[in-house]
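Notes to accompany the following structure.
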Amino acid sequence: MHIVDWILILMPLLLVIGVGIYTRQYMTSVAGFLSGGRLAGRYLLAVASGELQAGAVVFVAAFEMLNKAGFTLGWWGWFSSPLFLFLGTTGFVVYRYRQTMAMTLAQFFEIRYSKSFRLCTGLLGFFAGLVNFGIIPAVSARFFVIILNLPQHVTLFSFTIETYMLVMALFLSITLIVALTGGVLTIMLTNCAEGVVSQILYLIIIGSLLSMFNWTEISQVLEARPPGQSMLNPFDSFAAKDFNIWYVLMGMFGGIYGTMAWQYQSGYNSASKSAHESRMAGILGGWRGMAKGLVMTLLGICALTYLKHPNFSAQAAHVQNIVSQISDPQTRLQMTMPIALTQLLPPGVKGALCVTLLMGIFGGDAMHLHSWGGIFVQDVLVPLRRKPFSPQSHLLILRLSIVGVALFAFLFGCLFRQTEYIYMWWAVTCAIYVGGAGAAIIGGLYWKKGTAAGAWGSLLTGSTLSLGGILARQVYGDHFPLNGTQISFVAAISASIVYIVVSWLTCREDFNMDQMLHRGKYAKQQPSDEVQTEQPSKKIGWLGRVIGINEDFTRSDKWIAYGSIAWGFIWFGVFLIGTLWNVIAPWPVAVWSKFWHIVAVGLPCPIALGTGVWFAWGGLRDMLDLFRNLRNVQVNHLDDGTVVGHQSLVDTVSSPEHGTKVEEERLHV
């Protein structure tokens, strides 16, 4: 590591501390800690949410997939692109969830179903989240031990311990500073600021890699694969194990079924100024992620080229020598490409990569800690208590719970030895909760005949099948016929069938959806509502109605929505034409190589530049708006996640004056 790299690495540390100190003054309520006062704009949410997927563990997971499948998964992914863009434009799940005003998903479950169901889903979601998150700090720490060229072991007080444990403890300590100072407000603002900086650093990394490796070398490595396992030709990749067309198709179903079910960013789900801002943040998020996707792709294929091309044989031998010193087989596989990156990246560029990954770690892990700690308090402790917490006690318990999650993650990372691919582990541990909860979420938001009995049936079915799959994988290993993605798919299908059948059999009265969603006579003005500077467009054509455009959309919102849908259909068209063409006259591998050079590398470069400027401007503007609104927001301590009679407590108050009186009486008690 060069001195320039170390200077760059200090940047996120100073940023985290500065934002944490500044935002602490605004943290005066439970709703502020959990939802940031519900004042976030679309660009702030889009940039901040994107940074959650920019940590080291995400890059390592992407390298694992790229090493197996190359570009072929991208081809099959285009089959689903119009569908996901359509769901994003309509605000599927996200829009209606924000209308409920719930701060956690399990709070919505109590509003829609029952307190016992909230408790069960709170505990189950908390357990699944802990286990899912448990591997992340350890993988990130191992990555940085490698990329910073630190010794594998150190001696401390006469004890020899693995260095990654100390690095993991350091990272978790810094992450706690982010999560504890101002809650989701600090996390969101930190992530947004980091996201703006990352966009600039991504461009530096992209330019450096393109100048170091030529496409001829890269293509020669990608072409050198056995029949049926091509990394370029998707029609010659059906023999690839785990990451293949079935992985994409099952992932497509899981992406729809589990929309917003996984709660690692529960604070962001309720932090927007309005339901419409949540929807627009989801639409914009896809554009913002292109630069990161290009960086991960380039880093992966350049590392592969460095390891396998004859021009770099001497350097590759040195990398393999370092890799051979790692005792754990799964860790060796995970760290091979990161080790290659430590050798090929020049000073400054290596520092830029470290900065982006560190910022992703601090922001992403802080959101995990905040989410799982908050879920335990809000969806387990709060429903169980007969007497409410005072605001000060509530905030203290939330912070202690977050510290507990961090301690668990540290111990889990020290003791657990991972045997699955990272994406497979995430899929199956998510399915412990999402496998059953997905049906309850979609049915609860969109079907007035959904019942608590149906929700219980889907939850028990999906969770039992998923947990059984995990145990079977641990006992039988690769001899068990299903991988993590397949297990989660079976669990989700089974849970959906159970929800529909049981609800039909047990429904006695339609649920009052308008009251839950604050529609019609139940609509109310929210403190965060603002007058739009651009008036909504009144004319909505048939296409607009199909994709969910309503009176909330301004003219520019429409352009963004239509543009996103058109972009998805363009690639869907490329998929259809290319598939038909290859069925009639298959493309040779050289044509596939040129195709991916243009589509996966050439085209994203100018898009990354344009979106970098676009989202930097939007993110900074929304941050300034947030601070202006925070100075005027009225704190309501009744807004703490308590549910009474299928309504949030704050919604049962008939007037602001009545609310103040109830709040004073409650605080006195």
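The values are calculated or read from the model by the stated rules, or taken from the named source; none is laboratory data. The structure presented is a predicted model; accordingly, all values stated were derived computationally and were not measured. Counting neighbours? That spans all protein chains shown, and the Cβs are built from the backbone with ideal geometry, glycine included. Keep in mind that these areas ignore ligands, DNA and RNA; they rest on the heavy atoms of the full protein, side chains included. Shrake-Rupley method; radii C 1.70, N 1.55, O 1.52, S 1.80 Å.
Of the conditions (1) in a helix (DSSP H, G or I); (2) at pLDDT below 80; (3) among the polar types (S, T, N, Q); (4) more than 21 Å from residue 194 (Cα to Cα), residue 23 fails just one. Which one is it?
(4)
Going by the structure shown, is residue 392 on the phi < 0 side of the Ramachandran plot and open to solvent by 20 Å² or more (accessible area, probe 1.4 Å)?
yes
From 114, 81, which residue is at pLDDT 80 or above and open to solvent by 10 Å² or more (accessible area, probe 1.4 Å)?
Details: 81 fails: at pLDDT 80 or above.
It is 114.
Give me a count of the residues in the stretch 612-632 that are modelled with pLDDT of 85 or more, of a type outside the set (Phe, Trp, Tyr) and under 22 Å from the mean Cα position of the chain (by Cα).
6
Give the stretch 180-197 a look and list any residue that's open to solvent by 10 Å² or more (accessible area, probe 1.4 Å) and of a type in the set (Ser, Thr, Tyr), or say none. Steps first, answer last, please.
To start, the set of residues in the stretch 180-197 that are open to solvent by 10 Å² or more (accessible area, probe 1.4 Å) comprises 180-181, 193, 196-197.
Answer for the stretch 180-197, where residues must be open to solvent by 10 Å² or more (accessible area, probe 1.4 Å) and of a type in the set (Ser, Thr, Tyr): just 181.
For the stretch 142-197, enumerate the residues that are under 23 Å from residue 355 (Cβ atoms) and acidic (Asp, Glu).
Across the stretch 142-197, the qualifying residue is only 194.
Looking only at helices (runs of 4 or more DSSP H) that fall completely inside the stretch 221-331, which ones have 2 or more residues that are under 30 Å from residue 38 (Cβ atoms)? So that I can check it myself, show each step before the final result.
Details: elements: 245-257, 266-269, 275-288, 290-308, 313-323.
Once the helices (runs of 4 or more DSSP H) in the stretch 221-331 are filtered for at least 2 residues that are under 30 Å from residue 38 (Cβ atoms), what remains is 245-257, 266-269, 275-288, 290-308.
Out of all the residues in the stretch 407-421, is one or more in contact (Cβ under 8 Å) with a residue 60 or more places away in the chain, surrounded by fewer than 17 Cβ atoms within 10 Å (Cβ to Cβ) and closer than 30 Å to residue 506 by Cα?
Checked against the condition, which is being in contact (Cβ under 8 Å) with a residue 60 or more places away in the chain, surrounded by fewer than 17 Cβ atoms within 10 Å (Cβ to Cβ) and closer than 30 Å to residue 506 by Cα, the stretch 407-421 yields no hits at all.
One line per residue, one yes/no per condition, for (1) small (Gly, Ala, Ser); (2) at pLDDT below 90; (3) touching a strand residue (DSSP E or B) at 6+ places or on another chain (Cβ under 7 Å); (4) open to solvent by 10 Å² or more (accessible area, probe 1.4 Å):
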site: 129; (1), (2), (3), (4): yes, yes, no, no
site: 132; (1), (2), (3), (4): no, yes, no, no
site: 148; (1), (2), (3), (4): no, yes, no, yes
site: 160; (1), (2), (3), (4): no, yes, yes, yes
site: 178; (1), (2), (3), (4): no, yes, no, no
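Got at least one residue in the stretch 108-117 being under 30 Å from residue 624 (Cα atoms), of a type in the set (Asp, Glu) and touching a residue at least 40 places away in the same chain (Cβ under 8 Å)?
From the stretch 108-117, those under 30 Å from residue 624 (Cα atoms) are none; that's our starting set.
No, the stretch 108-117 contains no residue that is under 30 Å from residue 624 (Cα atoms), of a type in the set (Asp, Glu) and touching a residue at least 40 places away in the same chain (Cβ under 8 Å).
Just one of 45, 87 is open to solvent by 20 Å² or more (accessible area, probe 1.4 Å) and touching a residue at least 12 places away in the same chain (Cβ under 8 Å); which is it?
After ruling out the rest, the residue left standing is 87.
Need the failing condition index for residue 321 against (1) without any contact (Cβ under 8 Å) to a residue 40 or more places away in the chain; (2) open to solvent by less than 20 Å² (accessible area, probe 1.4 Å), just the number.
All conditions are met except number (2).
Only one residue in 435, 468 is within 30 Å of residue 505 (Cα to Cα) and open to solvent by 10 Å² or more (accessible area, probe 1.4 Å). Which one?
468
Would you check which residues across the stretch 274-284 are among the small types (Gly, Ala, Ser), open to solvent by less than 30 Å² (accessible area, probe 1.4 Å) and under 17 Å from the mean Cα position of the chain (by Cα) and list them?
Within the stretch 274-284, 278, 281 meet the criteria.
Which of the residues spanning the stretch 584-607 are hydrophobic (A, V, I, L, M, F, W, C), in a helix (DSSP H, G or I) and open to solvent by 40 Å² or more (accessible area, probe 1.4 Å)? Before the answer, list the steps.
Filtering the stretch 584-607 down to residues hydrophobic (A, V, I, L, M, F, W, C) leaves 584-585, 587, 589-592, 595-596, 598-601, 603, 605, 607.
From what's left, in a helix (DSSP H, G or I): 584, 589-592, 595-596, 598-601, 605, 607.
Hits for the stretch 584-607 are 584, 589, 590, 591, 598.
Can you name every residue in the stretch 40-60 that is in contact with a strand residue (DSSP E or B) (Cβ under 9 Å, 6 or more places away or on another chain) and over 14 Å from residue 186 (Cβ atoms)?
41, 42, 45
Which of the residues that make up the stretch 332-341 are open to solvent by 20 Å² or more (accessible area, probe 1.4 Å) and among the polar types (S, T, N, Q)? Don't jump to the end; show me each part of the working.
Of the stretch 332-341, the ones open to solvent by 20 Å² or more (accessible area, probe 1.4 Å) are 332-333, 336.
Correct list: 336 only.
Regarding residue 375, is this residue within 20 Å of the chain's Cα centre (by Cα) and either touching a residue at least 12 places away in the same chain (Cβ under 8 Å) or part of a helix (DSSP H, G or I) (or both)? If you could, list the steps in order and put the result at the bottom.
On the way: within 20 Å of the chain's Cα centre (by Cα): yes; either touching a residue at least 12 places away in the same chain (Cβ under 8 Å) or part of a helix (DSSP H, G or I) (or both): yes.
When the stated conditions are applied, residue 375 passes them.
In the stretch 430-450, is there at least one residue being touching a residue at least 12 places away in the same chain (Cβ under 8 Å), β-branched (Val, Ile, Thr) and part of a loop (DSSP other than H, G, I, E, B)?
no
Within the group 199, 152, which residue is at pLDDT below 85 and touching a strand residue (DSSP E or B) at 6+ places or on another chain (Cβ under 7 Å)?
Values: 199 fails: touching a strand residue (DSSP E or B) at 6+ places or on another chain (Cβ under 7 Å).
Going through 199, 152 in turn, just one is at pLDDT below 85 and touching a strand residue (DSSP E or B) at 6+ places or on another chain (Cβ under 7 Å): 152.
Every residue in the stretch 241-273 that is aromatic (Phe, Trp, Tyr), farther than 19 Å from residue 88 by Cβ and surrounded by fewer than 23 Cβ atoms within 10 Å (Cβ to Cβ), please. Steps first, answer last, please.
Quick first cut of the stretch 241-273, residues aromatic (Phe, Trp, Tyr) only: 243, 246-247, 253, 257, 262, 264, 268.
Filter once more, so that each one left must be farther than 19 Å from residue 88 by Cβ: 243, 246-247.
Within the stretch 241-273, 246 is the sole residue that qualifies.
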